[in-house]
Amino acid sequence: ARRRSASDYRFGKVLGEGSFSTVYLAKDIHTNKEYAIKVLEKAHIIREKKSEYVMREKEVLRILGSSCPYFVRLYWTFQDSEHLYFVLTYAKNGELLKQIDKCGCFTIECARYYAAEMVLALEYLHGKGIVHRDLKPENVLFDENWHILITDFGSAKILKTDNTENQKCDNDALDKGDKRRRTSFVGTAQFVSPEMLSESSSSPASDLWALGCIIYQMVSGVMPFRGRSEFLIFQKILNLEYEYPDGFDPQAKDLVQKLLVKNPIERLGATDEAPYTSIRQHELFRDLNCDDLGPPPRIS
Ligand SMILES: NC(=O)Nc1ccc2c(c1)=C(Cc1cc(-c3cccc(C(=O)NCCN4CCCCC4)c3)c[nH]1)C(=O)N=2
């Protein structure tokens, strides 16, 4: 296919900004199709030693391809002297976080439906041996039909496939062969799991912890672990210090309680032979057919 460059697109508004990238709405001047183009400054990536993360995101997006509808798709990449460009899916209806803030909180029907879509997305992602490690409402987007699109794989980890022992868990900080600290990684404070904080280790169950936090936030409108500093938030996470507001849906509470468990292998779904059967079978999803969720309920 023809090589692309920035001159193939008309760049529009900024859709999002991160520490290492800016995402623009852009229109392909040949097809008029809209994309989200993630632009990274080479010098900044090199200076901050983030090349490994950029390459990992590109590899994860390549592995995900276009076979699962719940992830943004990477169409093309190109570069010029100063920048790298990732041409990604444009999620027309923006971030889950903005919808939660706009409504205050979701109805249980909406929370149930989008929790189910996230479970299906994690089944696929983890089935490909990929852990997201920074799942949060800013990284869950809505497409034009109000289905979710999970994005931002800059913090993702691709689990080794050399033997099953590595499939379950992998210590991010220490390479098995030597004791040097390879990466010191932590996601976003409010959604990071206890094991990532205390052992610098992550596994698919780390994403199940984040799912529990997101379900809590969709139902209540606030995050379970809040504090005036990252240190105070981390203390609450490690001490499992959070509460359910009055009126919190009991079925949602039961599921969140089974996901916000300190020991990763005790989280619902963590030891499923066929992930995530035990989560699909939870009473919160009793009235849903996870094999055919149907159209999403209106967010209100
Ligand atoms: N870190 C990353 O990789 N970030 C990414 C990657 C891919 C990507 C990405 C971020 C996107 C971010 C994004 C942000 C937005 C957005 C931002 C601000 C406002 C809106 C917005 O209001 N859109 C109009 C839709 N409204 C929604 C509510 C009802 C009326 C109409 C959308 C749309 N998409 C995107 O579309 N595609």
Qualifying positions in segment 1-27 - acidic (Asp, Glu) and buried (at least 16 other Cβ atoms within 10 Å of the Cβ): ASP8
Among (1) touching an Asp or Glu at 6+ places or on another chain (Cβ under 7 Å); (2) more than 25 Å from GLY129 (Cβ to Cβ); (3) not charged (D, E, K, R), where does TYR70 come up short? (2)
I need the helices (runs of 4 or more DSSP H) fully contained in segment 210-300, keeping only those with at least 2 residues that are under 20 Å from VAL119 (Cα atoms) and at pLDDT 95 or above. 250-259, 277-280
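For ARG112, indicate whether it is more than 28 Å from MET223 (Cβ to Cβ) and either in a helix (DSSP H, G or I) or more than 14 Å from the ligand (Cβ to nearest atom) (or both).
Spelling it out, it is not the case that ARG112 is more than 28 Å from MET223 (Cβ to Cβ) and either in a helix (DSSP H, G or I) or more than 14 Å from the ligand (Cβ to nearest atom) (or both).
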Test ASP292 against the stated conditions and say whether it is surrounded by fewer than 13 Cβ atoms within 10 Å (Cβ to Cβ), out of contact with any helix residue (DSSP H, G or I) (no Cβ under 9 Å at 6 or more places or on another chain) and under 22 Å from CYS103 (Cα atoms). no
Counting only residues that are in contact with an Asp or Glu (Cβ under 9 Å, 6 or more places away or on another chain) and closer than 18 Å to THR188 by Cβ, segment 222-252 contains a total of 3
Considering only residues that are under 17 Å from LYS27 (Cβ atoms) and touching a Lys or Arg at 6+ places or on another chain (Cβ under 8 Å), look in segment 62-101 and name the one that is farthest from the ligand (Cβ to nearest atom). PHE78
Looking at the structure I just gave you, is GLU48 under 15 Å from SER155 (Cα atoms), away from the ligand (no atom under 14 Å from the Cβ), touching a residue at least 12 places away in the same chain (Cβ under 8 Å) and not hydroxyl-bearing (Ser, Thr, Tyr)? yes
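Within segment 1-45, restricting attention to residues that are among the acidic types (Asp, Glu) and closer than 16 Å to TRP76 by Cβ, which residue is nearest to the ligand (Cβ to nearest atom)?
GLU34
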Only one of these is surrounded by 19 or more Cβ atoms within 10 Å (Cβ to Cβ), over 15 Å from LEU122 (Cβ atoms) and touching a residue at least 40 places away in the same chain (Cβ under 8 Å): ILE233, ILE279. Name it. ILE233
Those residues of segment 236-275 which are more than 21 Å from LEU122 (Cα to Cα) and among the hydrophobic types (A, V, I, L, M, F, W, C) amount to ILE237, LEU238, LEU240, PHE248
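The values are calculated or read from the model by the stated rules, or taken from the named source; none is laboratory data. Being a predicted model, the structure only gives us computed values, none of them experimental. Reconstructed Cβ throughout: ideal geometry from the backbone, glycine too, with neighbour counts over all protein chains shown.
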